[in-house]
1. What are the radius of gyration and Dmax of region 62-144, computed over its Cα atoms and given in Å?
2. What aspartates and glutamates does Lys393 reach when the alpha-carbon gap must be under 18 Å and sequence neighbours fewer than 8 apart in one chain are set aside?
3. Hey, rough spin-label estimate for Ala466 and Lys300, points 7 angstrom out along Cα→Cβ, what's it come to in nanometres?
4. Residues with beta-carbon under 14 Å from that of Leu396, excluding Leu396: net charge, scoring Lys, Arg +1 and Asp, Glu -1?
5. What is the Cα convex hull volume of the chain when expressed per residue in Å³?
6. Under a point spin-label approximation (7 Å from Cα along Cα-to-Cβ), what is the Val225-Phe458 distance to one decimal in nm?
7. Please report the net charge: other residues with Cβ closer than 15 Å to the Cβ of Trp460, K and R +1, D and E -1.
8. In nm, to one decimal, how far is the Met451 label point from the Ser199 one, both placed 7 Å along Cα→Cβ?
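No lab work stands behind these numbers, since they all come straight from the coordinates. What you are looking at is a predicted structure, and each value in this text was computed from that prediction instead of being measured. Methodologically, a virtual Cβ is constructed for each residue, glycine included, from the backbone with ideal geometry; neighbour enumeration extends over all protein chains shown.
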Amino acid sequence: MEDKRRIYEAMTSDEISAVYNSLEGKSDLVKKEVAELRDLKHKGVWARTKWYFSKSGPGWMQSAMTLGGGSAMASLFSGACVKYQLLWVQPIAMLIGVIMLSALAHQTMCRGERPFYAMKKYVSPIVAWAWAICTLVATMIWHFPQYSLASGMTLDLVQAFGGFQLEEGSSAQTFALLGIAVVVLCLACRIVWNYNSGSKGIKIFENIIKGIVWFIIFSFVIVVVVCSFSGDGIDWSAVGRGFLPFSMDGGFHLNIPNDTQGIQIFIASLSAAVGINMTFLFGYSFLKKGWTREYSGLAKFDMITGMLIPYTIATSLMIIAAGATITLEPGESSISPIKAASMLEAAGLPALVSRLIFGLGIIGMSINAIILHMVVCGFAICEIFKLPEEGWKYKLATLVPVPGILGAILWSKMGTWIAIPTSAIALILLPVAYIGFFLLNNSEKYMSSDMVRGSKRFWWNTGMIAAIAITLISVVYYLVRVAPTYFTKF
């Protein structure tokens, strides 16, 4: 493996691209798919769409990673505070990520270089190492609240339907939470290690991820449908207006809250869609599947249908459900999904929906995030220490975030002190990674004949610059106005 890496690092970009895009040495599955892709060029839209759906995967992995506990809390809090006003932010936020990640997809599929090495070689070793290390640290930290959410919500369901209540902070509750966390870890390991067992294992892994994402969406669809027939129902005209970034009421103005808390929610929603660990995972998921420039159409389809649409639907449904049923007390600055389940029930939703279906959807979100965190840590460790992405070394690398299992009992005490600085650093480095992708996409030395030119290059660069600018504004606002407020609570 070390010899292969030395050969790889000594090759020019064009040599790597030629080897990667050649079918020689590719798996039988890739050869079969490339032949089918060439044949699809002569077929209709329905045939291509059907085939694309059956082969998509990396986009769904991105969707699964971002639909974790953070997205759940941000969406529920947004709905509870400003109702439907910021529904338009979710698709815009993810669209920003799609614009930047599409550049990474183009680079990876056309050039075949490992993103970490490309960043190190053509941008800066400092940026590359900061990207990899921050990805690893941030993923390990963000792993803790996923176990806290999965264990806490599961125990809440068991207590709600089992007719008992464990004393808060008791030994029994601690053991119960840890026991649930261990079960979740074992399940996650079983699923993650499928990703390391060839094309068949990757397919099984991706189908499980897709299934969980669809289950999450289905769960929240049921919650919203029941909400629409409970109490005062849902003001669907207000929901429709919430998807517009502007309003004509009282003259033209942007559909953004004027108060400090509302602006914080707006910035948080923009920042929550794409994390720095997602940018690291994306390119390697393409390399793992062997996707070349022949897969360009499939990659675009995958990002839209696997990443943009599921994220938008799931977060929008949570905002709508919270906006229709939950009202926060003055001064409340957050809402946990566990508390939200109780509030949904108090608002008149049946326990089957408010506790069980809503709760299972939240648990699915946290489990998906745990699974993808393990995968991205595996990739990051293998890159940092030049390990093979196979066998027992890769499996051990995926276990690096396992200390996060203690989040089931410790997160409520440790969360603020480690999450805030970690989130700040990760948020600062996100636009740095974006700028790196922008520079790579415009590097003649790196992209060579695969560089996009003409008007297409102009519009793509315009989109990336806008995405970088919006992200930088979010960073500045977060550091100046949001982060300091967390420490005034102590």
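1. Answer for region 62-144, Rg first and Dmax second: 16.5, 47 Å.
2. Answer for Lys393, where 18 Å is the Cα cut-off: Glu2, Asp3, Glu383, listed by chain and number.
3. So the label points at Ala466 and Lys300 sit 1.7 nm apart.
4. Spelling it out: positives minus negatives among the neighbours equals 0.
5. 158
6. So the label points at Val225 and Phe458 sit 4.9 nm apart.
7. +3
8. 3.5
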